[in-house]
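For reference, the structure discussed in these notes is given below.
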Amino acid sequence: MSLPTGQAAQARAVAAPVRVAGWAMAAGALGVLVTSLFYVLSPRAGAMPVQPFDLSAALAGAAAGAATMKAAGMAGIFGDLIWAVGTFLMAQHTARCGRGLATAGWVVGLLSLAIFTLVDAMVGFVLPQLALMPGAEGAFAGFKRLFDVLFLLGTVAYGFSAVLALGSEARTGGSPVHPVLAAATAVVGGVAVIAGLAGLAGLSVDLLVGASVGVGSALFIAIGLQIALAKSGEASAWSS
């Protein structure tokens with residue numbers, strides 16, 4: 001049964017920004033997935049928050065991986081920004097719907113993407129250049145340690161975002177996000193939280209950190225597409 005004209009117009013008004021959020025989320029997550037692949041192709045010591053910190057290995061890794069690290073940074077900064085737009089719109093939508101936990105999750109996700117914009121900028125445009133610059137070992141060490149902390153902090157924030165926002169989606173009736181997909185993303189988010197905290201504690205978990213971000217990005221592509229392709233009526237029911 002079709003909605004009355006007034007209700008149909010209201011449903012379309014609700015669905016329009018949600019669809020934009022979905023497309024932005026899917027496109028941004030795709031950019032971050034590409035970024036993750038370039039991180040995989042780069043030397044771990046230079047491009048990942050490897051613990052314990054080894055300055056010689058990090059310098060050698062950043063110098064050897066300059067090309068792939070720059071590609072990772074280039075894809076990452078734009079992917080992060082586009083994804084942040086979608087996350088911001090989702091936070092607005094869930095706030096209007098009175099869904100506090102989901103809104104908190106999307107806001108934490110926005111903070112995570114802001115952190116990762118800095119991380120990707122450093123991996124592509126700061127660390128390799130300093131590694132190749134004569135006499136810049138001290139500056140490199142400082143920026144690399146900051147990079148490591150921000151990478152791990154961003155991973156923790158990303159994980160909490162997935163747990164709060166997608167855990168809420170898994171329990172919300174009428175959501176365009178399939179509950180199994182939402183639950184799987186929340187689980188990956190939980191792994192990201194644990195891995196990020198372990199890394200901040202000095203444990204060697206950089207591979208788990210990278211895997212949680214990469215797998216999560218792939219899942220968010222699917223989530224973004226489901227949100228973007230949802231019918232107006234579904235988005236309207238979602239907001240009730």
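Bear in mind that the values in this text are calculations on the coordinates, not laboratory data. Given the structure is predicted, the values throughout are model-derived calculations rather than measurements. Cβ atoms come from the backbone with ideal geometry, glycine included; neighbour counts cover every protein chain shown.
Distance from the C-alpha centroid of the range 178-209 to that of the range 122-140: 29 Å, rounded to the whole angstrom.
Of the labelled options (i) 7, 33, 37, 19, 4, 0; (ii) 6, 26, 27, 20, 13, 6, 2, 0; (iii) 9, 33, 30, 17, 8, 3, 1, 0, which one gives P(r) over Cα pairs in 10 Å bins from 0, in percent as computed for this structure? From the options (i) 7, 33, 37, 19, 4, 0; (ii) 6, 26, 27, 20, 13, 6, 2, 0; (iii) 9, 33, 30, 17, 8, 3, 1, 0, the structure gives (iii). Normalised by the number of residues in the range 25-182, the average gap of Cα pairs under 8 Å and 6 or more apart makes the relative contact order 26 percent. Shape class for the range 115-154: oblate, because the ratio a/c of the largest to smallest gyration tensor axis (alpha-carbon atoms, square roots of eigenvalues) is 1.5 or more and b/c is at least a/b.
The simple Förster model, with R0 at 22 Å and r as the Cβ-Cβ distance, assigns Met133 and Ala57 a FRET efficiency of 0.80.
Here the extension length gained between Ala16 and Ala67 equals 14.4 nm, from 0.36 nm per residue of separation less the Cα-Cα distance.
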